[in-house]
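Since every read-out is calculated from the coordinates, none of them should be taken as a lab result. Because the structure is a prediction, the values reported are computed rather than measured. Here the Cβ positions follow ideal geometry from the backbone for every residue, glycine too, while neighbour counts run over all protein chains shown.
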Amino acid sequence: MTLASAPSGTSAVTPAWLDSWLSEQGQPAYRARQILDWIYKKRVATWEEMLNLPRPLREQLAAAVPEGELTVVRMLGSRDTTRKFLLKLSDGRLIESVLIPASPALYGEASDRLTLCVSSQVGCAYGCKFCASGLAGWMRHLTPAEIVGQILTVERETGERVNNLVFMGMGEPLANYPNLMEAMTILNSEWGLRIGARHITISTSGLAPAIRWLADQPLSVRLAISLHGATDAVRDRIMPVNRKYPLETLMEACLYYRETKRQMITLEYILIDEINAGVEEARALAEWARKLRAKVNLIPYNTVEGLEWKRPGEEQQEQFLDVLERAGVRATLRREKGHDISAACGQLRLQTEGEQDAFFAGQIGSASGVRENSHA
Ligand code: SAH
Ligand code: SF4
């Protein structure tokens with residue numbers, strides 16, 4: 001029997017792998033349950049801490065599966081607001097995860113929910129013109145252990161339990177489909193983190209074929225589409241992915257998702273001045289939303305350093321919302337204040353390139369090194 005390849009880190013250990021590995025090592029099968037409990041229930045980070053395992057077994061495990069896939073470099077924000085975590089991967093690269101307290105404007109209804117916004121890749125290959133994550137290009141996929149590890153690491157750091165997940169950090173989750181699915185199994189399983197599929201939202205810029213794959217797999221996760229334009233002319237201009245999967249193709253895939261999963265989709269729409277925030281655009285958006293019976297999340301654009309885009313005035317934002325509501329579309333407008341870092345979710349790489357480089361070189365040691373989300 002060939003052994004399945006070893007997990008990418010402790011946060012990606014599965015019962016299937018443990019069963020075959022333990023039997024190959026001549027270890028009793030009940031060790032699997034103990035190990036899973038240490039990782040996903042007691043949330044320990046190292047093999048060394050798994051005290052009811054014999055030392056030689058801990059050493060064998062340490063040789064087979066790497067630990068410490070993520071370390072916290074810095075945390076910004078406070079308990080009752082949004083907290084941003086800068087996390088270092090084992091190859092020194094940096095990602096961010098954002099912890100967000102319950103907010104009715106975000107996913108789900110107001111509750112005691114604690115949401116973590118997670119990254120799926122280092123950088124992003126999709127190059128949307130307004131987005132900080134796309135600016136530096138794509139570096140690599142996150143492994144399943146690095147995806148799940150974001151939740152475990154933040155929980156360890158804060159002592160709190162995350163019960164809602166949004167894949168709205170750095171990267172395009174559906175471009176990292178196999179790793180995303182592996183992570184999702186761990187997040188959702190009874191032996192894993194036990195986060196219900198309906199408490200997991202995948203956001204995509206519009207990878208139509210992958211939306212169909214997602215519809216055909218068993219987990220009914222929530223789907224959010226980063227639409228940002230209701231005509232091909234606008235979308236082509238700001239989101240290169242639209243040339244590959246134009247609106248009609250994207251919407252057909254969304255309809256397929258909706259029908260297969262019997263679930264309401266969310267259309268994310270950033271309001272960008274002089275690009276997509278006019279009344280005509282609002283009408284076109286209303287039409288798509290009605291066809292899809294989707295709800296719309298309007299998000300005033302957050303200024304990104306080095307980019308010239310800006311948000312429209314408040315009056316125009318309200319007017320846009322009004323057009324949607326009059327058309328019978330369920331819509332929300334995020335009315336956060338300029339300095340609220342909750343806006344950081346979805347815009348995770350806020351540091352300038354120079355600051356990033358300095359981070360990689362380990363030159364920044366004080367909180368002043370990270371720029372807050374200081375849009376106008
Ligand atoms: N790649 C996926 C997942 C990232 S989600 C996707 O695009 O859906 C990040 C969300 O934040 C996306 O909706 C993205 O369009 C949005 N976003 C990017 N830059 C932003 C900015 N400057 N202001 C507000 N939202 C932004
Ligand atoms: Fe990538 Fe999403 Fe940013 Fe586009 S909006 S560049 S797909 S992270």
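A few remarks follow.
- Charge dipole (Cα centre; +1 on Lys/Arg Cβ, -1 on Asp/Glu Cβ; no other charges) of the chain amounts to roughly 740 debye.
- Distance violations [Cα-Cα > 20 Å] among K129/K244; K261/K295; K244/K310: K244/K310
- Rg over Rh for segment 10-64 works out to 0.90, both radii taken from alpha-carbon positions and Rh defined as the Kirkwood radius.
- Treating r as the C-beta distance of Q25 and E190 and R0 as 25 Å, the FRET efficiency rounds to 0.50.
- Kirkwood-based shape ratio for segment 199-345, expressed as Rg/Rh from alpha carbons: 0.96
- Pairwise centroid distance, computed over Cα atoms, of segment 12-75 with segment 183-235, Å: 29
- Exposure proxy shown here: for F167, F130, the number of other Cβ atoms within 10 Å sets the order, fewest to most, as F130, F167.
- Amide H to amide H distances under 5 Å link S226 with T204, S205, G206, E268, where only residues 5 or more positions off or on other chains count and H is placed in the peptide plane.
- Formal net charge of residues neighbouring A215 (Cβ-Cβ distance under 13 Å; K, R +1; D, E -1): +2
- By the beta-carbon count within 10 Å of each Cβ, the least crowded to most crowded order of I225, I147, fewest first, is I225, I147.
- Volume of the Cα convex hull of the chain, divided per residue and given in Å³: 139
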